[in-house]
Amino acid sequence: MTENNTEEFQTNYLEHHQIVPILVGLMSGMFLAALDQTIVATSIRTIGDELNGLSVQAWVTTAYLITSTITTPLYGKLSDIFGRKPLFIWAISLFVIGSALSGAATSMYQLAGFRAVQGLGAGGLFTMALAIIGDIVPPRERARYQGYFMAVFGTSSVLGPVVGGFFAGQASILGVSGWRWVFLINVPIGAIALYLVNRTLHIPGFQKVDHRIDWLGALFGSIAIVPLLIVAERASEWGVTSGKSLTAYAITIVGVALFLMVEFRIGDEALIPMRLFKDKTFALLTVVGVVTGAGMFGGLAVLPLYLQIVGGATPTEAGLQLLPLTLGIMSGSVIAGQTISKVGRYKWFLVAGTTIVTISLAWMTQIKFDTSYASIAFMALAFGLGLGFLMQPTVIAVQNAVHPRDMGVATSSVTLFRQLGATMGTGIFLSMLFSNLSKNVQTRFEAAVQTPEYQTALLDPANAETVAKFETLQSSGSSAFDDSSWINTANEILVRPILQGFTDSTTLVVGTGAAIVSIGIALTLLVPNNELKHRERGAVVTE
């Protein structure tokens, strides 16, 4: 961004006493989104068991991520036209409606549809909060205020698994199945968030930009993304080279070609203006967002399942066992934010973040079915620390690199690519987990059945029900995991091959995640180590 361009577009940076009331509204909306990301993770097994569809749980997560991913750039563009506050209110409202519907779902596929409605709102919650901070706080000071966001994120990360596990562990609350409160809790929280945003979120002097809405870009972008994500979710059933998969790939290629054609033709009015990629920082960090998003959600998706299925933890216990991950994220964010504010540089936190995430995921490949929780806690702590180092600097670096008039679209774009990686990673990794499960269990079973101990357990009439379940798993593959509640109460000797096979699938997922995130190390080394801007000479401080 040149000095002349800065002078042509006055910024409306506020003083601290003006920023604090706005932060209250922003943090309420961000709390809503952050809580939902973690509250579902520890309850999804219980939900899948009750709705008889654990092996298709990827649809529930992927549907949410698809709609939140697609709408993210639209929120950025629309907020440049109509203002941040109306779009933020709209996002919260859609999220609350989707939550209420999800709480009434009667099947996993219906739940996936309602989660898609939630995603339509979620696409704007993080984006709007980050863009508003970009509007009112200069780059050098953003790390300080985004630290408040990280505190909210960390708090919700602590509360989410615990609250989600508590709800999932209750047969009913107020006459409603306990797991349904995982979604219904968002309704009162959302109502409070709407009240706070209406009351506190006032951005004086916000300069609207007269943009056209790139509906064709949104349409072709959806055509490019959705088929690929469906293949990722259905890979274990279809096969990556099946006719259905090849058809989906072809649709994706056509969608990408049409999207790029439209975006280049529209120019500055594009959903994602192609000129932004001329900036080295923006271009590199969009790719970093994809690979780290994929790897991050690979770990986040399988850890809760491992702790419950292999570790035998209840949903509530699994939530508490993930606290080291949360502590790592909060610690990394605080360290990164404070240091960046002082030195005005961000590059080495990006490098350190991708490196630590890669190493921690590689470390997780050493997990066994009987690995102690203490070891897993240290792995989760390191994983969280790396994520904390990455979360703030990525957004700050991109906002620092672009012109103020592109704040909305740039913030939404970097969020989009991270979400795209997360969506693809979740679908691919969960499919990888379950598609390899029956093969790994069979391998472990063939070794175990040769032992006298296992033969004795097989012939024991007291274990007849467990033997029948095991035979179903062998014949039906991962679909036998649609209800996994029987595993933790079954004969320990008989189910050991299942636990070992599930662990083998888990380590395959985190190992693949490590390989993907390692690409980000090389890319972050190429990011320019630019100094963050102070308040520009021509900036307007609104009273």
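The values are calculated or read from the model by the stated rules, or taken from the named source; none is laboratory data. What you see is a predicted model; the values in this text were computed from it and never measured. Glycine also receives a Cβ, built like all others from the backbone with ideal geometry; neighbour counts cover every protein chain displayed. Surface accessibility is based on the protein's heavy atoms, side chains included, excluding ligands, DNA and RNA. Shrake-Rupley method; radii C 1.70, N 1.55, O 1.52, S 1.80 Å.
Which one of Gly425, Ser372, Val402 is farthest out on the positive end of the charge dipole of the range 367-461, using unit charges on Cβ (Lys, Arg +1; Asp, Glu -1) and the Cα centre as origin?
The listed residue farthest towards the positive side: Val402.
Return the equivalent ellipsoid semi-axes of the chain as a descending list in whole Å, where each equals the square root of 5 times an eigenvalue of the C-alpha gyration tensor. It would help to have the intermediate numbers written out before the result.
Working: eigenvalues 347, 107, 101 Å².
Listed largest to smallest, the semi-axes of the chain are 42, 23, 23 Å.
Under the √(5λ) rule applied to the eigenvalues of the Cα gyration tensor, what semi-axes describe the equivalent ellipsoid of the range 43-120? Give them in Å, descending. Walk me through the numbers on the way to the answer.
Values: eigenvalues 162, 30, 10 Å².
Over the Cα atoms of the range 43-120, the ellipsoid semi-axes are 28, 12, 7 Å.
What does the net charge come to around Phe166 if you take all other residues with beta carbon closer than 15 Å to its beta carbon, with K and R at +1 and D and E at -1?
Numbers: positive: Arg45, Arg180; negative: Glu317.
Counting the neighbours of Phe166, the net charge comes to +1.
Relative to the Cα centre, what is the charge dipole magnitude of the chain, using +1 at the beta carbon of each Lys and Arg, -1 at the beta carbon of each Asp and Glu, and rounding to the nearest 20 debye?
Details: 31 positive and 33 negative charges, 213 e Å.
That gives a dipole near 1020 debye.
Compute for the range 66-186: radius of gyration divided by Kirkwood radius, i.e. Rg/Rh, restricted to C-alpha atoms, rounded to two decimals.
My calculation puts Rg/Rh at 1.04.
Kyte-Doolittle cut-off 1.6, length cut-off 24 Å along the helix's own axis using Cα: show which whole DSSP H helices in the chain pass.
Sorted by number, the helices that extend far enough and score high enough are 280-305.
For the range 219-318, rounded, prolate or oblate, judged on the Cα gyration tensor with a ≥ b ≥ c (square roots of eigenvalues), a/c < 1.5 rounded, else prolate if a/b > b/c? Could you put the intermediate results ahead of the total?
On the way: a/c = 3.40, a/b = 1.59, b/c = 2.15.
In terms of gyration-tensor shape, oblate.
How do 103-113, 492-502, 451-461 rank on mean C-beta neighbours within 10 Å, highest first? Write out the running numbers ahead of the final one.
Values: 103-113: 17.0, 492-502: 20.9, 451-461: 12.3.
Result, highest mean first: 492-502, 103-113, 451-461.
Going by amide H atoms built from the backbone, whose H comes under 5 Å of the H on Ile173, apart from near neighbours?
For Ile173, whose amide H was placed from the backbone, the distant partners under 5 Å are Gly178.
Considering only the other residues whose Cβ falls under 14 Å of the Cβ of Gln110, what net charge follows from Lys and Arg at +1 and Asp and Glu at -1? Write out the running numbers ahead of the final one.
Values: positive: Arg115, Arg180; negative: Glu50.
After counting each charged neighbour, the total is +1.
Quick one: which of 65-72, 254-261, 176-183, 26-33 comes out on top by average Cβ neighbours within 10 Å, and what's the full order, highest first?
Values: 65-72: 26.2, 254-261: 16.6, 176-183: 22.0, 26-33: 24.0.
Those peptides, ordered most packed to least, come out 65-72, 26-33, 176-183, 254-261.
Show me 514-523, 75-84, 121-130 ranked by packing, highest mean number of other Cβ atoms within 10 Å first.
Details: 514-523: 20.8, 75-84: 23.0, 121-130: 28.4.
Ranked from most to least packed, the peptides come out as 121-130, 75-84, 514-523.
Using a 1.4 Å probe, what is the accessible area per residue for the chain, in Å²? Spell out each step's value before the answer.
On the way: 20530 Å² over 543 residues.
Ligands and nucleic acids excluded, the figure is 38 Å² per residue.
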